[in-house]
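Report on one structure; see the data block that follows.
The values are calculated or read from the model by the stated rules, or taken from the named source; none is laboratory data. Small disclaimer: the values here were computed from a predicted structure and weren't measured. Heads up, the Cβs are rebuilt from the backbone with ideal geometry, glycines too, and the neighbour counts pull from every protein chain shown. The accessibility values were calculated without ligands, DNA or RNA, using every heavy atom of the protein model including side chains. Shrake-Rupley method; radii C 1.70, N 1.55, O 1.52, S 1.80 Å.
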Amino acid sequence: MKTKLNNKSEVKVMTGNETAALAATLCRPDIVAAYPITPQTEVVEKLAQYHASGKLDAEIINVEGENSAMNSITAASLAGGRVFTATSSWGLVFMYDAILVTAGARAPVVMVNVNRETPGMIAVSSGQQDMISTRDCGWIFLIAEDCQEILDMVIMAYRLAEDHDIQIPVMVHYDGFYLSYMAERVEIPFQKNVDDFLSVLKQQPERTKLMPGELLGCGSHGILGGYMEMRHKHCQAMERAKGKFEQINLEFEKKFNKNYGGQVEEYKLYDADIALLASGSMCGTIKTVIDEKRKHGIKIGLLRLRMFRPFPNEKIVQALKGKKCVGVVDRSLCFGFKHGPICVELRSFLSDIGDTKILSFIDGIANTDIKKDNVKKMIDLIIAGSKGEDVPEVTWVSYDENHGGN
Amino acid sequence: MIEVRFHGRGGQGAVMASKILATAFVKIKKYGASFPMFGFERRGAPVTAFGRFSKEPIREKTQIYNPDILMVLDPSQKNSSAVFQGLVSGGIMIINYDNDPNDISHENLETIGSIDANTISIEEIGMAMPNTCLLGAFAKVTGTIDLKPVIESFKDYFQGEKLEANARCAKRGFDEVKILIKN
Amino acid sequence: MVEKKKKRLSKVFDYLKHEDPFAKGVAFCAGCPLELLVRFIPQVLGNDIVITGTPSCSAPVLMGQNTGSWHKLSYYGTLMTGAAANATGLVRYYNRAGIDNTVICFNGDGTAADIGFGNLSGAAERNEPFIYICYDNEGYMNTGIQRSSTTPFGARTTTTQVGVNSRGKNLRRKNLAMIMAMHKIPYAATATMSNLEDLAQKLLKAKQIKEKGFCYLHVFCPCPTGWGVGPDMSIELCRKAVKTNYFPLWEALNGNFSFSKQVKKPKPVKEYTKLIKKFNHLSDQELDILQKDIDYEYSIIKAMTKLEKEIK
């Protein structure tokens, strides 16, 4: 990430949750409805605090559950409001029926989801299983790496969701615990600059709104061709979102002097023989290890997914073409597949990438720390794979069948 | 980059201490990151927090396994193996302790800064809240940061009389910490 | 007599001040009083209402198909699990944006009493400024007559069948209107299609009171298809339900309970049940249980009407 230190009103030390709440506040939502859940709770509290102090001028709906949070803001969004909510894990799953409606109704809702394991065993711990459990809901999924990116991504998410050509809800994901409670340096932009950045939306054609007295229905019974038409248009808008996100990132750079890359971030990939594909907070650790490995002459790079839905397959093909071996790190499972979910998706267009060996690494489940040593272990396997040695296709990095997890 | 691990009990302000320290480093145009060890936080339960402080942006988001510095808010953990786990050689400990620091030993421990932060905080704030006093001691013992930015950063966390009292705590921590160099 | 009758009729029509926004023919079952209800509401309240509804008997007509619709109202079709939350979102945004609105959350008893009860209760507790109307046909009729929690004791449905091991529903019904009144909302009331003036008055009251908060209307709405009666019987059933105290008409305004129609000499519930096929297997003993439940519910409302203190 390139950063120049200007265009910011102040620098503060904030947790990922505080940052998310502040980011939403900077975007001036009309309606905020959220329900507390670990590790997201601080977002709800901060929004309430900002509202109480007058910093956030929004209607707050203190809903009785996540399902109602999503239902109420979806309706408010269809009526024309800018809306925000935040959730995590069971909360996301509890609003699953509602997020399907949000997407189907093309309501430009923005939500942050603080990644946490989903039920099965009760796990109050980090993991991307909630994201994977809901991935086919028709939303755009973005994944942040650190607190600063949470702030910037939420602002960009409104530009993307409310864009007239897109009109698809956006979910910004960040790792629970690792980012939600991580307090670090965050540059806060001027309110005016955020207003300017979002004001582009006002110049676009007004979106259709559900208004009293107007002959307008929403949520009709889609049958046969009518249903297919809506779905087809939704898929087309998803495809458009890829290019739109790239464009928004460039405009963001102009305004705020920060460029994270677009759908993906390439880290030292240009001359790399081998690579890791990963997402979220683990990428910082991976970058540190890559720097160390490069000092020893190992040409390795990282491709970081910033956008998970739509899946940036073109960008991935471009970035990984010609690499000898690529390891995909998944913080979640794809039951029924032995590979991790992102790895499964990568393998689906493997023939486009060419003769690259793909390894699946599963790690970081239920707060298992993805330590530097874990990353080194993955890199050793990738190096072995690139030399044609016999390495397992799937490795649970912190788990040993004979000795259990560590 | 220096890596600091905080050991305390729920209610002693270990997590806040790590956050304040991160703020202090950011105030001097450096970088700081802090986060708590994940668990069910309850008053009285052992709490661990981590802090990384550096001139460069901090990218690692892992827990800290090889701390350079230990900040021990809870004196009952003074010789616990969990506290010393992974301490680098030449390590530093800053501890809230009202007794002879010669009691404390570990092969990698070189410097001990001890201060009776409970008594000081009771005198200054009116309650045992050792965190800010230890932050003052941290500045003196480690020399990684001046006392001034540490106290400056309190403004993000306290107001009014609480702010003044905590600043006095930190000042006394800085002035009164006893430094013991082991060989 | 003739003159008096005419006068009476005109009283109902006096309330119908607005155009009927529905097409001439709509897809309800023959004799379904729901059609009367959905035509009645906008004619009384105006065509500028926003209706939110869910999959239910009213959905095929209210939702429309693809881009076609049977009415000229602003309508939002959504989830049974989140009906009241959706109305909340709409009304909060309209009020914030300064847009005059009457949002009506229109649902069956399946949504109101069962799957969407949580968010109904949540919206009532938050005193959201909209009108929630539950049309109670005592079961999931759209999916083909399954029991709900407002299905009365003894009733035959496809999930409470009559056979060697089962005698219809063996549990008593949930009194949702009373539960809603207990949320201390500004207005809760019951109504039915045999007493349209009463219904119209209650709708108009709700429209006024909703400025202060949540209004709940529970409308008894027989289902000729699901209950096993002729299409010409639905209004008669409403009338009998009121006269037997099976469905008493009352309202609670700021916690002050009053009967809208006090039945002087209520008829035994048998007079009502004997008209309906879903009850025709009931023995005298079983009818007695049903009668006792009805008496019990009535006695609660009666006791409530005697409370003096006003809840503000």
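For the reader, a short list of remarks on this structure follows.
- Identification of strands (runs of 3 or more DSSP E) wholly contained in segment C:1-114 with 1 or more residues that are free of Cβ contacts under 8 Å to residues at least 40 places away in the same chain and closer than 26 Å to residue A:104 by Cβ yields C:74-77.
- For segment B:155-183, the set of residues classified as within 14 Å of chain A (Cβ to nearest Cβ) and either of a type outside the set (Phe, Trp, Tyr) or buried (at least 22 other Cβ atoms within 10 Å of the Cβ) (or both) consists of B:155, B:156, B:159, listed by residue number.
- Residues of segment A:207-220 satisfying the condition of being in contact (Cβ under 8 Å) with a residue 24 or more places away in the chain and either on the phi < 0 side of the Ramachandran plot or out of contact with any helix residue (DSSP H, G or I) (no Cβ under 9 Å at 6 or more places or on another chain) (or both): A:207, A:209, A:210, A:211, A:218
- Members of segment C:136-194 that are part of a loop (DSSP other than H, G, I, E, B) and of a type in the set (Lys, Arg): C:147, C:156, C:169, C:172, C:173, C:174, C:184
- Set side by side, the residues C:275, C:282, C:253, C:307 differ, and just one is farther than 22 Å from residue C:160 by Cα and at pLDDT 95 or above, which is C:253.
- Neighbours by Cβ (under 6 Å, 6+ apart or cross-chain): first from segment A:17-31, more than 14 Å from chain C (Cβ to nearest Cβ); second open to solvent by less than 10 Å² (accessible area, probe 1.4 Å) and assigned to a loop (DSSP other than H, G, I, E, B): A:17/A:180; A:25/A:56
- Residue list for segment A:353-378, filter: without any contact (Cβ under 8 Å) to a residue 24 or more places away in the chain and assigned to a helix (DSSP H, G or I): A:373, A:377
- Residue satisfying all of: in segment A:363-387; out of contact with any Leu (no Cβ under 7 Å at 6 or more places or on another chain) and of a type in the set (Val, Ile, Thr); nearest to the other protein chains (Cβ to nearest Cβ) among these: A:370
- Of the residues making up segment A:234-278, those that are within 15 Å of the chain's Cα centre (by Cα) and assigned to a loop (DSSP other than H, G, I, E, B) are A:260, A:261, A:262, A:263.
- Top-ranked residue of segment B:86-108 - restricted to ones that are modelled with pLDDT of 95 or more and either within 14 Å of another protein chain (Cβ to nearest Cβ) or not in a loop (DSSP other than H, G, I, E, B) (or both), ranked as farthest from residue B:175 (Cα to Cα): B:86
- Meets criteria (part of a helix (DSSP H, G or I) and out of contact with any Cys (no Cβ under 9 Å at 6 or more places or on another chain)) for residue A:76: yes
- Note on segment C:258-309: residues that are out of contact with any Gly (no Cβ under 6 Å at 6 or more places or on another chain) and surrounded by fewer than 17 Cβ atoms within 10 Å (Cβ to Cβ) total 31.
- Residue within segment C:118-128 that is more than 16 Å from the chain's Cα centre (by Cα) and of a type in the set (A, V, I, L, M, F, W, C) present: yes
- Unique match (being of a type outside the set (A, V, I, L, M, F, W, C), out of contact with any His (no Cβ under 8 Å at 6 or more places or on another chain), open to solvent by 10 Å² or more (accessible area, probe 1.4 Å) and in the same structural domain as residue A:285 (by TED's automatic domain parsing)) among A:352, A:363: A:352
- Scan of segment A:214-235 for residues that are open to solvent by 90 Å² or more (accessible area, probe 1.4 Å) and more than 7 Å from chain C (Cβ to nearest Cβ), ordered by number: A:224, A:227, A:228, A:229, A:230, A:231, A:232, A:233
- Segment C:24-46, residues that are at pLDDT 90 or above and open to solvent by 40 Å² or more (accessible area, probe 1.4 Å): C:24, C:29, C:30, C:35, C:36
- Residue count for segment B:137-183, restricted to those that are touching a residue at least 40 places away in the same chain (Cβ under 8 Å) and under 19 Å from residue B:119 (Cα atoms): 12.
- In segment C:58-86, the qualifying residues are those that are buried (at least 24 other Cβ atoms within 10 Å of the Cβ) and more than 7 Å from chain A (Cβ to nearest Cβ), and the one that is nearest to residue C:108 (Cα to Cα) is C:58.
- Selection from segment B:57-84 of residues that are open to solvent by 30 Å² or more (accessible area, probe 1.4 Å) and more than 14 Å from chain A (Cβ to nearest Cβ): B:68, B:75, B:76, B:78, B:79, B:80, B:81, B:82
- Checked against (1) at pLDDT 95 or above; (2) more than 27 Å from residue A:318 (Cβ to Cβ); (3) acidic (Asp, Glu), residue A:345 meets all criteria but (2).
- For segment A:36-65, taking the residues that are within 10 Å of chain C (Cβ to nearest Cβ) and open to solvent by 10 Å² or more (accessible area, probe 1.4 Å), the one that is nearest to residue C:86 (Cα to Cα) is identified as A:63.
- Residue in segment A:46-60 that is in a helix (DSSP H, G or I) and either under 19 Å from the mean Cα position of the chain (by Cα) or on the phi > 0 side of the Ramachandran plot (or both) present: no
- Hits in segment C:117-131 (condition: open to solvent by 10 Å² or more (accessible area, probe 1.4 Å) and facing chain A (nearest Cβ under 10 Å)): C:118, C:121, C:125, C:126
- Residues located in segment A:124-136, provided they are outside any helix (DSSP H, G or I), open to solvent by less than 20 Å² (accessible area, probe 1.4 Å) and in contact (Cβ under 8 Å) with a residue 60 or more places away in the chain: A:125, A:126, A:127, A:128
- Subset of segment C:132-176 (residues that are open to solvent by 30 Å² or more (accessible area, probe 1.4 Å) and charged (D, E, K, R)): C:147, C:156, C:167, C:172, C:173, C:174
Every residue, every condition in (1) surrounded by fewer than 24 Cβ atoms within 10 Å (Cβ to Cβ); (2) in contact (Cβ under 8 Å) with a residue 24 or more places away in the chain; (3) closer than 16 Å to residue A:139 by Cα, yes or no:
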site: A:68; (1), (2), (3): no, yes, no
site: A:73; (1), (2), (3): no, yes, yes
site: A:78; (1), (2), (3): no, yes, yes
site: A:83; (1), (2), (3): no, yes, yes
site: A:86; (1), (2), (3): no, yes, yes
site: A:90; (1), (2), (3): yes, yes, no
site: A:98; (1), (2), (3): no, yes, yes
site: A:109; (1), (2), (3): no, yes, yes
